[in-house]
Amino acid sequence: MDSGFYAACTALMARSQALDLVANNLANVSTPGFRAQHEIFRSLLAGSSLLPMSDLNQAVNNYSVLGDSRFDYSQGNLEKTGSDFDLALQGPGFFVVRTAAGRMFTRDGNFHVSPKGRLVTAEGDPVLGETGVVDIVGGPVSISPDGTISIDGAVAGKLKIVDFPAGTALESVGKSYYSAPPKSEVPANSASIVQGSLETSNVNPVADAVELITLERNAELMQRALSMFHSDMNQIAAEDLPRIQPIP
């Protein structure tokens, strides 16, 4: 009964955490450049004994828990907007942004020019070029696929586009921003910029909606199982404990 109780408990916790991930994906289905997250389950073998366990013992004490999550880096669709400062990335890579918390990375190219004449994100954070912040003075503005910025035909700078080696631990910090370990970025040689477009979220709303329903049903089943185990334990305690004779 203990094994069943713990299995139901860990399963409920894992499904609850997975629900948070899927719900966050669906909440950002319309966020430009958003990258979906998917759960990674791992096996947890209960028991503190250092002695070898039988196959049966391992089977009933082997629980599934949410070990981690991973980002889906697949390309989102491109939607034309016609704005000179809406920029979409094709291929692996990120724009670099300077925030109060340090350098962050994003694929949300919904940019505009601030009153100070700087290229900034929708949150008002400066977008970085190869030599620092990007100043936009005058027009018209043209941005080539490699990030070179031309104003009225004259080169005015180049956007900084970076990528990360496989296995780099990126962390979502909200606002479509991601943080990365210091000095882990490398030049994004295979990325190109499409001016006048935005990359949509790569969340699959239909698949995630189905997964959300499945996880909710699994969580409900685990809640019922826990209630049953709790009732059985209370019944055993009420019937058997009074029969225990004190040791003389």
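The values are calculated or read from the model by the stated rules, or taken from the named source; none is laboratory data. Because the structure is predicted, anything quoted here is derived from the model rather than measured. So basically every Cβ, Gly included, is an ideal-geometry build from the backbone, and we count neighbours across all protein chains shown.
Okay, here's what the table says:
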item	result
Unmet requirement for GLU220, which otherwise passes all of (1) modelled with pLDDT of 70 or more; (2) surrounded by 13 or more Cβ atoms within 10 Å (Cβ to Cβ)	(2)
Check on ALA237, at pLDDT below 80 and more than 30 Å from SER142 (Cα to Cα)	yes
Strands (runs of 3 or more DSSP E) wholly inside segment 109-192 containing at least 3 residues that are of a type outside the set (A, V, I, L, M)	171-174, 177-179
Odd one out for GLY93, checked against (1) surrounded by 15 or more Cβ atoms within 10 Å (Cβ to Cβ); (2) more than 27 Å from the chain's Cα centre (by Cα); (3) at positive phi	(2)
Cross-chain or 6+ apart pairs with Cβ under 8 Å, segment 184-202 first and closer than 17 Å to PHE164 by Cα, then part of a loop (DSSP other than H, G, I, E, B) and of a type in the set (Val, Ile, Thr)	SER184/THR168
Hits in segment 140-157 - residues which are surrounded by fewer than 17 Cβ atoms within 10 Å (Cβ to Cβ) and in contact (Cβ under 8 Å) with a residue 24 or more places away in the chain	PRO140, SER142, SER144, PRO145, ASP146
